[in-house]
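The values are calculated or read from the model by the stated rules, or taken from the named source; none is laboratory data. Here the structure is a predicted model, which means the values were calculated and not measured. Backbone-built Cβ (ideal geometry, glycine too); neighbour counts: all protein chains shown. Keep in mind that these areas ignore ligands, DNA and RNA; they rest on the heavy atoms of the full protein, side chains included. Shrake-Rupley method; radii C 1.70, N 1.55, O 1.52, S 1.80 Å.
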Amino acid sequence: MDALAENLDNAVTDAKARASRIKLMAFDVDGVLSDGSLFYTDEGIEIKAFNSLDGLGLNLLRKAGITIAVITGRNTRNVAARMQHLGIDLLFQGVKNKLEVMQDLLAKLGITAEEAGFMGDDIIDLQVMAACGFSATPADSHHLAKRYACLISSKDGGRGAVREVCEFILDAQGKLDAVLAPYLPVSGS
């Protein structure tokens with residue numbers, strides 16, 4: 001095995017070990033749960049697009065017993081509506097210091113930083129990504145987010161990156177087959 005392949009294999013092994021401990025996974029919105037585009041109507045109403053694959057990934061994590069949180073710097077009604085639709089109660093909007101919010105959340109839930117993960121895409125996310133036991137970023141994120149991430153998705157933000165990370169965590173915890181089973185065809189039918 002050449003050195004590059006060995007380094008990649010070691011990185012995946014480390015990311016899986018870190019993901020196997022996750023009890024809380026938090027996500028940024030713009031550039032992670034959405035593609036980062038901001039659309040405004042003539043009335044000044046902000047519109048974002050969310051990917052249904054990502055939404056199901058979040059639901060699969062929750063069904064497997066992993067707590068989900070969303071921590072974002074912007075404050076919009078459409079994010080609140082999307083999180084309500086997904087049943088995500090731990091929504092923190094208008095956040096200036098994501099690390100501080102994460103630390104408060106960990107204390108409230110009695111979870112250690114090693115048992116927490118964060119998926120971000122830009123420099124505003126670096127401190128919280130570095131403080132968590134597991135971190136992930138979309139393929140199209142800022143180069144510094146990629147440097148600090150344990151896992152870089154093969155997909156872009158808002159285009160299935162969250163789903164990929166959710167399934168990675170579930171696989172690392174040995175829960176992926178169980179959460180997918182209800183959706184699979186029954187054999188012999």
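Identify the trypsin sites (Lys or Arg not before Pro) of region 23-125 meeting these criteria: DSSP loop state and at most 10 other C-beta atoms within 10 Å of the C-beta. Before the final figure, lay out each step's value.
Numbers: sites: K23, K48, R62, K63, R74, R77, R82, K96, K98, K108; in loops: K23, K48, R74, K96.
Filter output for region 23-125: K96.
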Calculated from backbone phi, Karplus (6.51, -1.76, 1.60) coupling profile of region 76-87 in Hz, x at Gly/Pro: 9, 5, 5, 5, 4, 5, 5, 5, 4, 4, 7, x
In the chain, lysine pairs closer than 25 Å at Cα, eight or more apart or cross-chain: 26
Roughly speaking, what is the centre-to-centre gap between region 19-59 and region 130-173 when only Cα atoms are used, to the nearest Å? 13
So, R0 is 25 Å and r is the distance between the beta-carbons of E114 and A178; what FRET efficiency does that work out to, to 0.05? 0.55
Antiparallel %, DSSP beta bridges [both residues in the chain], to 5: 10
Please work out which option in (1) 1.03; (2) 1.48; (3) 1.08 gives Cα Rg over 2.2 N^0.38 Å calculated from these coordinates, and answer with its label. (1)
Put a dot 7 Å past each Cα toward the Cβ at D89 and R147; how far apart are the dots in nm? 4.0
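Tell me, what is the FRET efficiency for I123 and Q103 to the nearest 0.05, using R0 = 22 angstrom and their Cβ-Cβ distance as r?
Details: r = 19 Å, r/R0 = 0.86.
Taking R0 as 22 Å, the efficiency between I123 and Q103 is 0.70.
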Taking every other residue with Cβ under 9 Å from the Cβ of R21 and scoring Lys and Arg +1, Asp and Glu -1, one gets 0
Vicinal HN-Hα couplings computed from phi for region 54-62 (Karplus, 6.51 cos²θ - 1.76 cosθ + 1.60; Hz; Gly/Pro x): 5, x, 5, x, 5, 5, 5, 4, 5
In nm, to one decimal, how far is the I45 label point from the N59 one, both placed 7 Å along Cα→Cβ? 2.5
Under 5 Å between amide H atoms, partner at least 5 residues away or on a different chain: which partners does M119 have, H built in plane at 1.01 Å? A26, F27, D28, A136
Most mobile of L126, L60, L105 per a Gaussian network model of the chain (Cα springs, under 10 Å)? L105
Counting only protein heavy atoms and a 1.4 Å probe, tell me what percentage of region 78-189's accessible area is made up of carbon and sulfur. 52
